[in-house]
Amino acid sequence: MKQGNTLSDRINNSLGKAQNRQNFRSAMSGLMEKRAAQFPDDEKLAKLRDRGREIRANSLRNLPYLLIELEKTLTENGIQVHWANNSFEANQIIVCLLQQNDAKSVVKGKSMVSEEIELNSFLEGHGISVLESDLGEFIIQLADETPSHIIMPAIHKTKKEIAELLHEHFPELPYTEDVDQLTQSARKILRNKFNQADAGISGVNFAVAETGTLCLVENEGNGGMSSTVPPLHIAITGIEKVVEKLADVPPLLNLLTKSATGQTITTYFNMISRPRQPGEKDGPEAVHLVLLDNGRSKIYGNSSLQEILHCIRCGSCINHCPVYVQLGGHAYGTVYPGPIGCALEPMRLGINKVGGLTSLCTLCGACEQVCPVQIPLPKLINRLRAESVLRRADYTSLIGAGSMRKPLESWGWRIWKWIYRNPAIYRVFSLIVTRTRELIPARMGRWARYRFNPKPARRTMHELAREAGFDNE
Amino acid sequence: MSRAREQILSALQQYSENGGYRGIVKTPKEEGLSKEDRVARITQMMEAVHGEVHRLLDREWMKWINTELPKRGYKHILVGSGDIGKIVNVEAMDSLQIHSYTAEIEEWKDQLFNQVDVSITSTRGGIASTGSLVIWPTSAEPRLMYFVPPVHVALLNAEDIFESFEQMVIEQKWSKEMPTNSLLVSGPSKTADIQQVLAYGVHGPKQLVVLILG
Amino acid sequence: MGKPSEIYFMATCLADLFYPKVGIAGMRLIQREGIRVVFPQNQTCCGQPAYNSGYRAEALDVARSLMSCFPKDIPIVVPSGSCAGMIRHQWPELFHGQPDAQNALNVSKRTYELTQFLVDQVEIELDDLGPSITVAIHTSCSSRNEMKVASHIESLVSQMKNVTVVEQERKAECCGFGGSFAIKQAEISGAMVKDKTDAIGKTEASKLVSQDCGCLMNIGGALRKQKRTIEVQHIAEFLWDRVYETG
């Protein structure tokens with residue numbers, strides 16, 4: 001949790017930032033166009049998405065067995081595997097590994113799971129310096145902010161803001177708003193850090209059980225460098241990221257990069273299967289993988305919600321969400337924003353904590369249309385709404401199920417039910433509504449802040465249909 | 001924390017169907033591109049992401065190195081200890097200073113990071129559909145040759161260009177034995193993290209030159 | 001299936017109280033094709049408002065009451081992508097595990113959105129008798145994403161020879177209605193409908209047509225509040241006004 005205050009404060013705050021909203025709008029429009037350009041053929045796209053879905057479904061069906069297999073192959077390859085139930089355990093494991101290796105400075109590749117466990121602040125609390133090396137992550141680290149998008153963490157910032165930020169932190173570099181020069185400045189700063197870092201930490205996009213391979217998708221080269229230059233590499237990932245076979249990777253990679261940023265492929269795709277071997281001249285002496293649960297096995301146990309674990313974190317749902325484009329990521333207050341956040345975060349953290357996210361959705365379905373692995377996000381969000389107002393929670397329920405049930409609202413729906421399930425009562429109700437139409441104010445209530453209230457018709461369709469002679473059966 | 005291991009696995013096993021591998025929706029057919037088509041495609045895809053591509057006859061590449069690198073003002077050239085390294089060491093013109101990656105990285109990190117202008121490497125192959133170089137670093141051509149120098153010149157045999165990544169993985173039976181590290185490289189290092197503006201060379205090479213041979 | 005001899009018409013609760021002429025126009029369009037139209041007087045609502053708010057037990061009771069209105073094995077036509085989508089795609093989940101789940105499945109399979117029915121089943125051909133007009137089309141999200149009938153409204157409007165269609169920017173983006181979303185997240189919804197009306201306002205259109213009354217209530221209400229002169233109209237009424245020959 002972050003950015004303090006309540007969800008509605010954050011929403012109002014975000015809606016009030018005109019420049020930010022413009023940034024999000026133009027960025028999302030661009031991303032949507034680029035993705036569409038990568039998938040010109042609907043039929044081919046449908047087939048590819050079928051494959052994506054099938055691969056991920058297979059991974060989940062066999063999840064515990066694939067994790068055991070992954071552990072076996074990685075261990076055989078010389079990569080040590082660690083398991084963590086939650087953020088605390090994951091942080092402990094990582095800090096112990098760093099301390100054992102006397103590592104004082106860490107350079108990080110981009111990893112949303114490390115955001116999830118708030119690794120940076122934990123390590124800094126233990127006297128270990130952490131440097132984000134992905135340019136976007138580096139920028140928000142300097143600004144002391146959190147990512148506003150899972151793929152493009154600094155997308156809310158203009159180049160002017162970034163120029164000022166860099167100048168403030170590195171006054172020795174000349175001030176510039178030229179993007180190429182800014183990038184070169186960052187290159188200089190970060191190169192030295194890579195050169196000196198004691199350990200590298202990265203995320204994982206796919207972990208291949210068959211071969212014991214960790215895959216990293218990236219454009220900058222920082223992932224490859226943080227997993228090669230320092231003597232120690234620690235990768236961290238959620239337990240759901242495993243796939244069975246190496247042959248599962250190319251189609252997922254294809255879907256991932258095209259869906260995420262509209263790229264045919266990213267500049268780098270790293271496949272790490274071993275630490276440095278005898279005779280090899282670079283690469284880390286030791287590689288570790290931390291497998292994080294953090295609520296995932298609980299989600300796995302709920303068959304009606306499990307599909308959320310298919311997610312490959314492309315962010316396409318976010319890019320196409322009409323609510324996200326208005327708000328940006330910070331309003332959500334969680335690590336994952338947008339549709340994936342509205343569905344995943346209440347499952348992971350509990351409805352009592354972040355159940356309000358389920359209201360940040362019009363159920364328009366744009367996200368489901370573009371999801372490369374066909375996660376039915378609106379359906380899941382709708383199910384969460386049901387869980388959040390559940391009358392009686394049972395052992396299969398999520399944490400905080402029923403916690404959003406409010407007496408007034410639930411009575412309202414009871415009255416609604418009483419009227420609408422009984423045709424005779426409905427007839428009386430509809431007569432009253434239409435006959436008192438003039439009494440309904442045009443400008444009252446939350447609806448009317450931005451629109452006129454609709455006025456009921458003089459007579460109902462039931463009446464008109466009867467008069468026009470349409471048969472009743 | 002093996003306790004976490006048991007807890008996670010038992011929580012999952014309780015609900016896993018273990019339905020077995022139900023088979024993947026069929027692999028889409030490759031287009032069946034000819035060698036020349038594959039060269040054309042990979043060139044087009046590479047150039048679209050700011051890669052520089054030249055088609056050369058087999059032994060012309062050294063001539064290209066000797067003409068182009070000095071012309072572009074590069075001096076410090078990094079090679080591996082394989083065939084390419086040997087040729088460069090023998091045939092490079094005097095104005096080029098050749099460094100060979102023969103020591104472990106810890107012994108000369110500063111030089112690699114701060115001095116080398118260009119690395120010249122081989123590749124295992126290429127992928128036409130995505131415009132990618134396929135790289136399996138070895139002790140003769142270690143991994144950092146591909147990431148650290150500002151310019152990377154890669155030699156690619158036209159014969160080794162596959163239509164898709166999937167085809168290559170399956171036909172070459174990668175799953176039998178993966179190398180320590182393998183890598184797909186598609187263009188120079190880039191970022192769009194500053195206001196969506198594309199900029200090159202944020203961490204890895206600013207320039208990628210692919211010499212397609214044969 | 002082709003063209004049936006009779007159908008059920010489902011008004012939708014919103015159209016019943018606010019836009020009854022939409023339903024009448026829809027029924028007339030179907031009737032004119034020689035199809036007997038049955039309007040069960042006991043119908044109320046598909047259950048969607050409660051369903052989308054998480055109150056599934058309440059939604060189920062109301063949906064069940066509606067289901068009893070459609071005993072015969074004939075198509076059910078709904079002048080709304082959203083309500084048709086509720087019955088077609090959400091009822092199976094809503095009734096899951098209930099004794100009448102099979103019946104719900106049967107009903108869902110014979111439910112059609114109006115334009116879908118007119119184009120796919122009736123293969124309707126319409127003559128445009130109306131004056132020249134420029135319109136924009138808003139394909140509702142449920143029509144487009146859930147029912148996959150975005151092209152159907154387009155093809156019906158394209159049969160109108162005196163109608164020029166213009167396209168607004170970001171046509172496929174949600175207008176911000178979303179049922180209770182418009183109330184619960186009034187500020188976001190307001191920002192969304194502002195973007196939508198701005199986009200429509202930039203076109204030459206003097207009218208906006210759509211398959212869903214909910215979107216029209218939202219967009220139309222906002223256009224009026226902003227004192228814009230663009231009218232909104234449901235596709236059923238729009239078509240009927242243009243093809244109906246008096247006398």
| field | Accessible surface, per residue, of the protein assembly as shown when the full set of protein chains is kept, probe 1.4 Å, Å² | value | 38
| field | Under 11 Å from the B:N157 label point (7 Å along Cα→beta-carbon), backbone N, segment B:94-132 | value | B:123-125
| note | Sorted by accessible surface (1.4 Å probe, heavy atoms of the protein chains only), largest first, A:S430, B:S34 come out as B:S34, A:S430
| note | Ordered by number, the residues of segment A:418-447 with at least 50 Å² less accessible area in the assembly than alone (1.4 Å probe) are A:Y420, A:R421, A:P423, A:Y426, A:R446, A:W447
| If you take the accessible area of C alone, add that of A alone, and subtract the area of the pair, what total do you get in Å², probe 1.4 Å, to the nearest 100? | 6200
| Leaving out ligands, DNA and RNA, what percent of the accessible area of the protein assembly as shown is carbon and sulfur, probe 1.4 Å? | 50
| Hey, with R₀ at 60 Å, roughly what FRET efficiency would A:K455 and A:E164 work out to, going by the Cβ-Cβ distance, to 0.05? | 0.70
| Which order do A:D50, A:D282 take by accessible area at a 1.4 Å probe, largest first? | A:D50, A:D282
| remark: What helix-only [θ] at 222 nm does chain A give? Using -39500 (n - 2.57) per DSSP H run of at least 4, over all residues, to the nearest 500, the answer is -14000 deg cm²/dmol
| Magnitude of the charge dipole, segment A:39-294, Cβ model with Lys/Arg +1 and Asp/Glu -1, debye to 20 | 600
| request: Considering the options A:L431, C:F39, A:P454, tell which one lies farthest towards the positive end of the dipole of the protein assembly as shown, charges being +1 on Lys and Arg and -1 on Asp and Glu at the Cβ, about the Cα centre. | output: A:L431
| said: Show me, bin by bin at 10 Å from 0, the whole-percent P(r) of segment C:109-184 based on Cα pairs. | reply: 17, 40, 32, 10, 1
| Could you state the principal axis extents of the C-alpha atoms in segment A:39-294, from the largest down, to the nearest angstrom? | 53, 50, 37
| Counting partner chain Cβ atoms within 10 Å of every residue's Cβ in B:48-61, what's the average? | 1
| Taking only C-alpha pairs under 8 Å that are 6+ residues apart, what is the relative contact order of segment A:120-244 in percent? | 19
| Tally Lys and Arg at +1 and Asp and Glu at -1 over the other residues with C-beta under 14 Å from the C-beta of A:G279: what net charge comes out? | -1
| A:Y268 accessible area, nearest 10 Å², 1.4 Å probe? | 0
| field | segment A:209-346 pair-distance distribution - Cα-Cα, 10 Å bins, rounded % | value | 10, 32, 38, 16, 3, 0
| message | Students sometimes get this wrong: rank A:H167, A:H330, B:H50 by accessible area, probe 1.4 Å, all chains present, largest first. | response | B:H50, A:H167, A:H330
| task | Would you be so kind as to list the residues of segment C:154-182 that have their accessible area lowered by at least 20 Å² in the full protein complex compared with their chain by itself (1.4 Å probe)? | result | C:R170, C:E173, C:C174, C:G178, C:F181, C:A182
| task | For segment A:102-149, report the convex hull volume of the alpha-carbon atoms normalised per residue, in Å³, without decimals. | result | 75
| C:R36 long-range amide H proximity, modeled H, under 5 Å | C:E6, C:I7
| message | Compute, for segment B:112-213, the length of the dipole vector about the Cα centre, with Cβ point charges of +1 (Lys, Arg) and -1 (Asp, Glu) only. Units Debye, rounded to 20. | response | 220
| note | Expected output for segment A:321-347, residues with a loss of 20 Å² or more in accessible area relative to the chain alone at probe 1.4 Å, reads A:P322, A:V323, A:Q326
| request: Under 18 Å from a label point 7 Å along Cα→Cβ of A:S410: give me every residue in segment A:320-359 with its amide N that close. | output: A:351-353, A:355-356
| note | Per residue of C:11-21, other chain Cβ atoms within 10 Å number on average 6
| request: Please state, to two decimals, what the Cα-based radius of gyration of segment C:6-121 comes to when divided by 2.2 N^0.38 Å (N = residues). | output: 1.00
| task | Give me the Kirkwood hydrodynamic radius of segment A:124-261, using the inverse of the mean 1/r over all pairs of distinct Cα atoms, in Å to one decimal. | result | 16.7
| field | Compactness of chain A, expressed as Rg and Dmax over alpha-carbon positions, Å | value | 25.6, 92
| Which percent, nearest 5, of DSSP beta bridges in segment B:152-214 are antiparallel? | 25
| In Å and whole numbers, how far do the C-alpha atoms of chain C stretch along each principal axis, longest first? | 53, 48, 27
| task | For segment A:172-177, just list the computed ³J(HN,Hα) in residue order, Karplus coefficients 6.51, -1.76 and 1.60, θ = phi - 60°, integers in Hz, with x standing in for Gly and Pro. | result | 6, 8, x, 5, 8, 10
| Dipole in debye (nearest 20) - the protein assembly as shown, about Cα centre, beta carbon charges: Lys, Arg +1; Asp, Glu -1 | 3380
| said: Looking at the calculated P(r) for segment B:29-213, what percent of the C-alpha pair distances fall above 27 Å? | reply: 27
| query | How big is Rg to Rh over segment A:68-134, alpha-carbon atoms, Rh as the Kirkwood inverse-mean-distance radius? | reply | 0.99
| Ratio of the Cα radius of gyration of the protein assembly as shown to 2.2 N^0.38 Å, where N counts its residues | 1.03
| Chains B and A: buried accessible surface, both sides, probe 1.4 Å, rounded to 100 Å²? | 7400
| note | Per its Cα gyration tensor (rounded if a/c is under 1.5, else prolate when a/b beats b/c, else oblate), segment A:61-184 is best filed as prolate
| query | Which one of B:A140, B:Q167, B:N114 is farthest out on the positive end of the charge dipole of segment B:29-213, using unit charges on Cβ (Lys, Arg +1; Asp, Glu -1) and the Cα centre as origin? | reply | B:N114
| Peptide B:169-179 - average C-beta neighbours from other chains (10 Å radius) | 4
| If you take the charge dipole of chain A about its Cα centre, with +1 on Lys and Arg Cβ and -1 on Asp and Glu Cβ, which of A:S185, A:S8, A:T211 is farthest toward its positive end? | A:S8
| Normalised by the residues of segment A:412-473, what does the relative contact order come to in percent, with Cα pairs under 8 Å and at least six apart? | 25
| request: Could you please state, rounded to a whole Å, how far the C-alpha centre of segment B:32-83 is from the C-alpha centre of segment C:149-167? | output: 53
| message | Give me the percent relative contact order of chain A, please, defined on Cα pairs under 8 angstrom at least 6 residues apart. | response | 18
| request: Read phi for every residue in segment A:15-22 and hand back ³J(HN,Hα) as whole Hz from Karplus 6.51 cos²θ - 1.76 cosθ + 1.60, θ = phi - 60°, with x for Gly and Pro. | output: 5, x, 8, 4, 5, 4, 5, 4
| remark: Note to self: C-alpha centroids of segment A:367-412 and segment C:201-222 sit apart, in Å, by 31
| query | Roughly how many whole Å is it from the C-alpha centroid of segment A:18-71 to that of segment A:224-291? | reply | 18
| request: On the full set of protein chains, 1.4 Å probe, figure out the accessible area of B:I170 and give it in Å² to the nearest 10. | output: 90
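The values are calculated or read from the model by the stated rules, or taken from the named source; none is laboratory data. Everything numeric here is computed off the predicted structure, so don't read it as measured data. Positions of Cβ are backbone-derived with ideal geometry, glycine not excepted, and every protein chain shown enters the neighbour counts. These area figures cover heavy atoms from the full protein model, side chains too; ligands, DNA and RNA do not enter into them. Shrake-Rupley method; radii C 1.70, N 1.55, O 1.52, S 1.80 Å.
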